[in-house]
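Here's the structure we're looking at; comments come further down.
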Amino acid sequence: AASGVAADGLAITLAHDPIAESVRAGGSAVPLADFVTSTAVEAVAFAAKFGGQSLFIADGRIWHEAGASRTETLAAQLATAVTYWRALAAAGLSVEGAAARIGFTSAIDQGQFSSIAELRTLRLLWARATEAAGLAPQRAAIHAETSFRMLSRRDSNTNMIRNTVAAFAAGVGGVDSLTILPHSTANGLPDAHARRIARNTHLILQEESNLHRVIDPGAGSGRIETETRALAEAAWC
C-alpha cells in the first residue's frame with residue numbers, strides 16, 4: 001500500500017500446508033480435517049481481497065527428511081494436493097480455480113538423474129490428476145530446496161558439490177524457483193561465506209549454464225524417461 005501497488009496485482013504465495021505442519025509437530029490441537037477446512041476458508045477470503053498465486057503448497061520436504069523414498073514422497077505430495085484442492089473447492093472456489101491455487105515444494109538431493117525424474121514425475125502426476133477431474137491438464141508450480149538430509153556435518157565443504165549437483169538437477173527438472181541451503185547448514189547457522197557460496201551457485205548455473213533457457217532438457221533421455229514413467233506409475237497407485 002505504501003508503494004502504491006494494487007493488491008490484486010501482487011503474486012503472493014501463502015504456502016499453507018497444515019498437513020505438513022501437523023506431521024512436523026506430531027499432531028494438531030484440532031482434528032486435521034477441521035484444520036484443513038478452516039485454513040481453506042481463510043485462504044479463500046484472503047484471495048478475494050488480495051488475489052494470490054498459491055494458497056496451499058504440498059510440501060515434500062517433510063516426507064523426504066523423514067526418510068521417505070521418492071515414490072512415497074511423490075504419493076504424499078499428490079494426496080496432500082488433492083486434499084487441499086477439495087478443501088478450496090468446498091470453501092467457494094471453482095474446481096479449476098482451486099487447482100490453480102495449489103503449489104508444490106520438493107527437496108532435491110545429489111542423485112542427479114533421479115532428482116530430475118522426480119520433478120518431471122510431479123508435473124506429470126498433477127497434470128494427470130487435473131485431467132482426471134475433467135480439466136485441461138494443469139501445470140504444477142514447483143519450488144525446490146536442496147536436501148538437508150544429504151548434507152554432511154564432517155568436512156562440510158564437500159556439501160558444495162552436493163548442492164551444485166542438486167541445484168543443477170532442479171534447473172534441468174524445470175522448477176520455478178530454488179533455494180540452495182548453505183553447505184554448512186548441518187553444523188548450525190551459516191556464516192556470510194556459506195551464504196555467499198549458496199547464492200553464487202544459483203547465479204553461475206543460471207548465467208553460465210543457461211539452464212532456464214531449455215524446456216525439459218531431460219526429454220528423450222532413456223534413463224530419465226524410464227525412471228519418470230516408473231515413478232509416476234508407482235506413485236499414482
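The values are calculated or read from the model by the stated rules, or taken from the named source; none is laboratory data. Everything quoted here is computed from the prediction, not taken from an experiment. Methodologically, a virtual Cβ is constructed for each residue, glycine included, from the backbone with ideal geometry; neighbour enumeration extends over all protein chains shown. Keep in mind that these areas ignore ligands, DNA and RNA; they rest on the heavy atoms of the full protein, side chains included. Shrake-Rupley method; radii C 1.70, N 1.55, O 1.52, S 1.80 Å.
Over the chain, with every protein chain in place, what whole percent of the accessible area is carbon and sulfur at 1.4 Å, could you tell me?
Percent of accessible area from carbon and sulfur atoms in the chain: 55.
Counting alpha carbon pairs within less than 8 Å and at least 6 residues apart, what relative contact order, in whole percent, applies to the chain?
It rounds to 18 percent for the chain.
Take the Cα pairs of the stretch 84-221, get the Kirkwood Rh, then feed it into Stokes-Einstein at 25 °C and 0.890 mPa s and tell me D in µm²/s.
Translational D for this selection: 151 µm²/s.
Say we join alpha carbon atoms closer than 10 Å with springs in a Gaussian network model of the chain; which of 142, 62, 12 then has the biggest fluctuation?
The residue that fluctuates most here is 12.
Could you tell me which residue out of 204, 232, 190 lies farthest along the dipole of the stretch 154-237 toward its positive end? Charges go on the beta carbon: Lys and Arg +1, Asp and Glu -1, centred on the Cα centre.
Checking the options against the dipole of the stretch 154-237, the answer is 190.
What size of dipole, in debye to the nearest 20, comes out for the stretch 74-134 about its Cα centre when the only charges are +1 on Lys and Arg C-beta atoms and -1 on Asp and Glu C-beta atoms?
Rounded to the nearest 20 debye, it is 80 debye.
Within the set of other residues whose C-beta is less than 11 Å from the C-beta of residue 91, count the net charge using Lys and Arg as +1 and Asp and Glu as -1.
With Lys, Arg at +1 and Asp, Glu at -1, the net is +1.
What net charge do the residues around residue 115 carry, taking every other residue with its C-beta under 13 Å from that of residue 115, with Lys and Arg at +1 and Asp and Glu at -1?
Its environment carries a net charge of +1.
Among all helices in the chain defined by DSSP H, which have a length of 15 Å or more along the axis from Cα atoms plus a Kyte-Doolittle mean of at least 0.0?
For the chain, where a helix must reach 15 Å along its axis and average at least 0.0, the hits are 32-50, 70-90, 112-132, 159-173.
What is the sum of charges, Lys and Arg at +1 and Asp and Glu at -1, for the other residues whose Cβ falls under 15 Å from the Cβ of residue 38?
Here the count lands on -3.
What does the accessible area of residue 135 come to, in Å² to the nearest 10, when a probe of 1.4 Å is used?
Only protein atoms counted, so the area is about 30 Å².
Select from 22, 4, 67 the residue farthest towards the positive end of the dipole of the stretch 1-156; place +1 on Cβ of Lys and Arg, -1 on Cβ of Asp and Glu, and compute about the Cα centre.
My answer, from the dipole projection, is 67.
Note down the magnitude of the dipole of the chain about its Cα centre, charges +1 on Lys and Arg C-beta and -1 on Asp and Glu C-beta and zero elsewhere, to the nearest 20 debye.
300
For the chain, what is the accessible area per residue in Å² when the probe is 1.4 Å?
51
Kindly report, to the nearest 10 Å², the accessible surface of residue 23 as traced by a 1.4 Å probe over protein heavy atoms only.
Counting only protein heavy atoms, residue 23 exposes about 70 Å² to solvent.
Take the alpha-carbon centre of the stretch 55-122, take the same for the stretch 184-208, and report the distance between them in whole Å.
26
About the Cα centre of the stretch 1-137, what is the dipole size in debye to 20, counting +1 per Lys and Arg Cβ and -1 per Asp and Glu Cβ, all else neutral?
My answer is approximately 200 debye.
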